[in-house]
Amino acid sequence: MRRIALVDVNNFYVSCEKLFRPELEGKPVVVLSNNDGCVVSRSNEAKALGIRMAAPWHHCRAIAEQHGVVAFSSNYGLYGDMSRRVVDVLSQFVPRMDLEVYSIDECFLDVTKQPHVDASAWGQAIRQRVRQWCGLPVCAGIGPSKTLAKLANFVAKKQPSWQGVCDFTSLPPQRQAALLAEIGVGEVWGVGRRLVPQLAEFGIHTAADLRDADAASLRTRFSVVVERIVRELRGEACLEVEHQPAAKAQIQSARSFAEPFRELEPLLESARAHVVRAVEKLRAELALAGRIEVFLETNRFSPDELQHHPVASENLPAATDDVLHLVGVATRLVRAMHRVRFRYQKVGVRLLDLSPRSGRQATLFDDAPVRDARRERLGQVLEAAGKRWGRGAVAPGTAGLAGERAWHMRRGALSPAYTTRWADLPVVRT
DNA sequence: TCTGGGGTCCTAGGACCC
DNA sequence: TCTGGGGTCCTAGGACCC
């Protein structure tokens, strides 16, 4: 039987912030999304106050003030660095081949080949070492499939008696069934809020109900995805632990503004900056884009606002990572979509049809290998400058330089870059 | 006043081809 | 008046994840 562990950090972003602010222990703390828009991480105390995941922050203001909730803007530099440290520790417990970094705060570990008799003790050892070396609390769930590992992790987190580790594989079948019967079907990985009421029509309310449902008829009614969830719940590993991340199919850069704009110019600047950022990511992927898409959005949440959500895209004559060419195309697309009567709240750029850079395809009428070489050199220089002085330090004309943009985002409560900037290192007093 | 950003996968349906 | 069968490719939309 396969044995797969899911290890994740509890309340990850909040735990990172609390690590450097120990006086916040026991206090309600939240971390907000970009633009300080939504709550994306909550301490247990904040959860207890009824602050919901993804709740708009301005809806929580009253309760936050009343209970002294401490809010942070998201500090992805810090979280990314802490994430790498956790992965480093986990790599000591399984070969790199058997480790999948699934998200910024979660890893799947394939422990099938591990010789330990007692997976719970092994999980406790992981907890102890991550706590000691990174200062972060983690939980572990172990199951015969990824879906059951996820559920075991959920159980380990919710029920204190497990002490943060639940090995589903070691439980007798009746005990497994009883656990699954306590868990709402919406907690199952892959069952979202739309599916819950539709499954209820089939009399499926708990994880146990879903496991025991007729897989074939669910496939007909829904899709192969739901069928696969059923099989995974039965202990059949349909999903592998993938140690190598799959090549990206698309790259996106988009942001809401602090204030909406009618004018063309800030939209152009923003779109160009998104192209620059997307190309940075593209180059980091060692990939080329075959198509670019640009979109504008008005404020979807405002019923009084005139709505406009145009999308425009263009196939590129040859797959490219040429930032100047892409800026030119994006500029043209934004100009064509923009209408002055709307107040735009968001601009975004997507690079699609990605292909590996090594497989670069010249066009039939490729007339300018010399220009290509110069453009390539320019791309490298921009990339190096961005790494050295920070993103947006150097940008193609009128992409707007960092620090002087009218369309910045709100980030009112940002914590220091404790682990990634010398000036922000915490000082230890003796 | 104030509602994130970045992804993936699946399916249905239309256009088109032989 | 009759109007196949099989296939690909593309796009839009829906659902999910963190």
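Key figures for this structure:
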item: Single match in A:147, A:206 (criterion: in contact with a Leu (Cβ under 7 Å, 6 or more places away or on another chain) and open to solvent by 10 Å² or more (accessible area, probe 1.4 Å)); result: A:206
item: Residues within region A:1-23 that are more than 16 Å from DNA strand C (Cβ to nearest atom) and open to solvent by 10 Å² or more (accessible area, probe 1.4 Å), tallied; result: 9
item: Verdict on residue A:164 being under 22 Å from residue A:1 (Cα atoms) and open to solvent by less than 10 Å² (accessible area, probe 1.4 Å); result: no
item: Selected residue (only one of A:279, A:275 is under 14 Å from residue A:333 (Cβ atoms) and out of contact with any Pro (no Cβ under 7 Å at 6 or more places or on another chain)); result: A:275
item: Subset of region A:45-61 [more than 18 Å from residue A:412 (Cβ to Cβ) and within 13 Å of DNA strand B (Cβ to nearest atom)]; result: A:52, A:53, A:54
item: Test result for residue A:192, open to solvent by 10 Å² or more (accessible area, probe 1.4 Å), touching a residue at least 12 places away in the same chain (Cβ under 8 Å) and not basic (Lys, Arg); result: no
item: Failed condition for residue A:44, given (1) on the phi < 0 side of the Ramachandran plot; (2) within 16 Å of DNA strand C (Cβ to nearest atom); (3) among the polar types (S, T, N, Q); result: (2)
item: All strands (runs of 3 or more DSSP E) inside region A:262-355 with 2 or more residues being within 16 Å of DNA strand C (Cβ to nearest atom), closer than 28 Å to residue A:55 by Cβ and not charged (D, E, K, R); result: A:287-298
item: Tally of residues being without any contact (Cβ under 8 Å) to a residue 12 or more places away in the chain and of a type in the set (Asp, Glu) across region A:1-39; result: 2
item: Given (1) over 25 Å from the mean Cα position of the chain (by Cα); (2) within 13 Å of residue A:207 (Cβ to Cβ); (3) open to solvent by 10 Å² or more (accessible area, probe 1.4 Å), index of the condition residue A:180 fails; result: (3)
item: Test: residue in region A:215-228 that is small (Gly, Ala, Ser) and within 12 Å of DNA strand B (Cβ to nearest atom); result: yes
item: Enumeration of residues in region A:209-233 that are touching a Phe, Trp or Tyr at 6+ places or on another chain (Cβ under 9 Å), small (Gly, Ala, Ser) and either open to solvent by less than 40 Å² (accessible area, probe 1.4 Å) or within 17 Å of residue A:150 (Cβ to Cβ) (or both); result: A:213
item: Neighbours by Cβ (under 9 Å, 6+ apart or cross-chain): first from region A:408-425, outside any loop (DSSP other than H, G, I, E, B); second open to solvent by 50 Å² or more (accessible area, probe 1.4 Å); result: A:423/A:416; A:424/A:416
item: Test: residue in region A:287-298 that is touching a residue at least 24 places away in the same chain (Cβ under 8 Å) and within 8 Å of DNA strand B (Cβ to nearest atom); result: no
item: Selection status of residue A:69, more than 28 Å from residue A:151 (Cα to Cα) and modelled with pLDDT of 95 or more; result: yes
item: Unmet requirement for residue A:242, which otherwise passes all of (1) surrounded by 14 or more Cβ atoms within 10 Å (Cβ to Cβ); (2) within 12 Å of DNA strand B (Cβ to nearest atom); result: (1)
item: Meets criteria (under 23 Å from the mean Cα position of the chain (by Cα) and either farther than 30 Å from residue A:373 by Cβ or among the β-branched types (Val, Ile, Thr) (or both)) for residue A:293; result: no
item: Residue match in region A:339-348 (condition: surrounded by 10 or more Cβ atoms within 10 Å (Cβ to Cβ), at pLDDT 80 or above and within 29 Å of residue A:84 (Cα to Cα)); result: yes
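Residue by residue, here is whether (1) open to solvent by 40 Å² or more (accessible area, probe 1.4 Å); (2) among the β-branched types (Val, Ile, Thr); (3) closer than 28 Å to residue A:42 by Cβ; (4) outside any helix (DSSP H, G or I) holds:
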| position | (1), (2), (3), (4) |
| --- | --- |
| A:82 | no, no, yes, no |
| A:113 | yes, no, no, yes |
| A:121 | yes, no, no, no |
| A:126 | no, yes, yes, no |
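The values are calculated or read from the model by the stated rules, or taken from the named source; none is laboratory data. Since the structure is predicted, the reported quantities are computational estimates derived from the model, not experimental observations. Cβ sites come from the backbone with ideal geometry, for glycine too, and all protein chains shown count toward neighbours. Accessible surface is based on the protein model in full, side chains and every heavy atom, while ligands, DNA and RNA are left aside. Shrake-Rupley method; radii C 1.70, N 1.55, O 1.52, S 1.80 Å.
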